[in-house]
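S.K.: Shown below is the structure under consideration.
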Amino acid sequence: MDTPSQPEASEHAALDLGLIQTLKADGQLVDVDTPVPTDDVLAEMHALMLKMRRLDERMMLRQRQGKIGFYGAVTGQEATPVATVFATQPSDWIFPALRENAIMLGRGFPLEKWLAQVYGNSGDVLKGRQMPSHMSGREVNQVSWGSCLGPQLTQAVGAGLAARARGDDMVSVAFLGDGTTSEPDFHTAMNFAGVTKAPCVIVCQNNHWAISVPSEKQTAAETFAIKARAYGMPGLRVDGNDVLALTRVLSEAVERARCGEGPSFIEAVTYRIGAHSSSDDPTRYRSESSAGRSATRCCASSATSGRAGCSTTPSARPWQRPSTRRSPRPSARWRASTLLRARASSRTSTRNSPMAGCPGISRSSTRSRAPPETRPKIIELRIIEPGPRPPPRVEQRRGRME
Ligand SMILES: Cc1ncc(C[n+]2csc(CCOP(=O)(O)OP(=O)(O)O)c2C)c(N)n1
Ligand SMILES: [Mg+2]
């Protein structure tokens, strides 16, 4: 097996123990020279975040009114699904967990049809055969999440391998929560992906809770990202409330997979500021004031643009090429090793982290086992100009995955 893309141990340490950020908690850039998307793109990102937030509010109310059976909110964690919309190609497949349902809205799935799946009414394309609120959209390449934790991960690896076998350069992107790293399917998928160098990206939203179980009870490892080392793939620990850092990291991981350089594992460090789902009452196991104050803090860092004039009109996206399934492959790509050249600064992550100051997300709760010298470092990302794309791996393409 070739190894040139394998990072050095020291580079791994910077990326899977540190915290990759482009934005400080107040929305300012960590590095003023970091290129940012255009105002239109920022507004589009912000509009999608707001849409998710409004949907969460309305749907939780509708559940309390008895109009829908179940709902799981993404409140406070919107940055990851938004970044996924901008970091993937429309031809890539999404394998969500509970909180990534709205990626399909960002990919153009009609809101009305999405809501019909929540309500299970006559507009539901699956006619109520799915579990409540388990939305999916074939036309936007998003499968339904499963109520069992973990199977989406092995499915995503398999889908990536199947695509590669037939010459399709689709990348699968799968999601899980911190609690799901304790499930056997997580380890099966990571090993499967690492050994086969599957074209996939596995994204863990570490929101610090698995229903009532805090994240420090899920693992004895220093971070979740570090687990990737054991499976022979890069682990990247990124600020899950920094949509620009997430978009960059996801873009590079997706293109790395697309270029045949194997899978990546991303830990998005964030916080579940609401209930686990409409079936949960978090006041039974964590203090109300803690959750409320965290919400304020995390929202502030999550809404990155705050600009007026938000528009949902598609526009040029610096990290997403405007391709369709039928369009030719773009000629440019991100160099796969960009992240491995990220520069670690000596600052600690808690200084600029959206978690800083969040009760319940103290330094000790996020990194309780880390001695001071190994506390996470902020990684300042640099954009590397797109490099030449390698020749296609397989000459003949045989249709897309259905
Ligand atoms: C195999 C399996 N075990 C347990 C459950 C019950 N369960 C549903 S959600 C959940 C917690 C998931 O936590 P996490 O993976 O951190 O995701 P989050 O909800 O925080 O996004 C659990 C234990 C399940 N659905 N499936
Ligand atoms: Mg969780």
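S.K.: Condition check: free of Cβ contacts under 8 Å to residues at least 12 places away in the same chain and either out of contact with any helix residue (DSSP H, G or I) (no Cβ under 7 Å at 6 or more places or on another chain) or within 11 Å of ligand 2 (Cβ to nearest atom) (or both). Does Lys197 satisfy that? I'd like the intermediate steps shown before the answer.
M.R.: Numbers: free of Cβ contacts under 8 Å to residues at least 12 places away in the same chain: no; either out of contact with any helix residue (DSSP H, G or I) (no Cβ under 7 Å at 6 or more places or on another chain) or within 11 Å of ligand 2 (Cβ to nearest atom) (or both): yes.
In short, no.
S.K.: From the residues in the stretch 29-67 that are part of a loop (DSSP other than H, G, I, E, B), in contact with a helix residue (DSSP H, G or I) (Cβ under 9 Å, 6 or more places away or on another chain) and of a type outside the set (A, V, I, L, M, F, W, C), which one is modelled with the highest pLDDT?
M.R.: Here is the first cut: in the stretch 29-67, the residues part of a loop (DSSP other than H, G, I, E, B) are 30-38, 65-67.
Those left that are additionally in contact with a helix residue (DSSP H, G or I) (Cβ under 9 Å, 6 or more places away or on another chain): 30, 34, 36-37, 67.
Adding the requirement that they be of a type outside the set (A, V, I, L, M, F, W, C) leaves 34, 37, 67.
Values: Thr34: 83, Pro37: 91, Lys67: 95.
Checked the stretch 29-67; the qualifying residue modelled with the highest pLDDT is Lys67.
S.K.: Looking at Gly120 and the list (1) closer than 26 Å to Gln218 by Cα; (2) in contact with a Pro (Cβ under 9 Å, 6 or more places away or on another chain); (3) modelled with pLDDT under 95, which single condition is not satisfied?
M.R.: Status for Gly120: all satisfied but (1).
S.K.: Report yes if Leu153 is of a type outside the set (S, T, N, Q) and surrounded by fewer than 20 Cβ atoms within 10 Å (Cβ to Cβ), otherwise no.
M.R.: Details: of a type outside the set (S, T, N, Q): yes; surrounded by fewer than 20 Cβ atoms within 10 Å (Cβ to Cβ): no.
It is false that Leu153 is of a type outside the set (S, T, N, Q) and surrounded by fewer than 20 Cβ atoms within 10 Å (Cβ to Cβ).
S.K.: What is the number of the single condition among (1) surrounded by 22 or more Cβ atoms within 10 Å (Cβ to Cβ); (2) not aliphatic (A, V, I, L, M); (3) not in a helix (DSSP H, G or I) that Thr84 does not meet?
M.R.: Result: Thr84 fails condition (3) only.
S.K.: Restricted to the stretch 215-226, and to residues that are within 16 Å of ligand 2 (Cβ to nearest atom) and in contact with a helix residue (DSSP H, G or I) (Cβ under 7 Å, 6 or more places away or on another chain), which residue is modelled with the lowest pLDDT?
M.R.: Residues of the stretch 215-226 that are within 16 Å of ligand 2 (Cβ to nearest atom), as a first pass: 215-219, 221, 223-225.
The next check asks that each one be in contact with a helix residue (DSSP H, G or I) (Cβ under 7 Å, 6 or more places away or on another chain); those that pass are 215-216, 218-219, 221, 223-225.
Values: Ser215: 95, Glu216: 92, Gln218: 97, Thr219: 97, Ala221: 97, Thr223: 97, Phe224: 98, Ala225: 98.
The qualifying residue modelled with the lowest pLDDT is Glu216.
S.K.: Counting just the residues of the stretch 96-135 that are of a type in the set (Lys, Arg) and without any contact (Cβ under 8 Å) to a residue 12 or more places away in the chain, which one comes out surrounded by the fewest Cβ atoms within 10 Å (Cβ to Cβ)? Can you show your working first?
M.R.: The first filter runs over the stretch 96-135 and keeps only residues of a type in the set (Lys, Arg), leaving 99, 107, 113, 127, 129.
With without any contact (Cβ under 8 Å) to a residue 12 or more places away in the chain added as a condition, the list becomes 127, 129.
Working: Lys127: 12, Arg129: 10.
Restricting to residues being of a type in the set (Lys, Arg) and without any contact (Cβ under 8 Å) to a residue 12 or more places away in the chain, the top hit is Arg129.
S.K.: Check off (1) within 11 Å of ligand 2 (Cβ to nearest atom); (2) over 22 Å from Val254 (Cβ atoms); (3) within 19 Å of the chain's Cα centre (by Cα) for Cys204 and give me the number that stays unchecked.
M.R.: Answer for Cys204: the failing condition is (2).
S.K.: Inspect all residues belonging to the stretch 203-216 and state whether any of them is crowded, with 23+ Cβ neighbours inside 10 Å and among the charged types (D, E, K, R).
M.R.: Looking through the stretch 203-216, none of the residues is crowded, with 23+ Cβ neighbours inside 10 Å and among the charged types (D, E, K, R).
The values are calculated or read from the model by the stated rules, or taken from the named source; none is laboratory data. Predicted, not measured: the structure shown is a model, and the values here were computed from it. Using ideal geometry, Cβ is built from the backbone for each residue, glycine included, and neighbour counts are taken over all protein chains shown.
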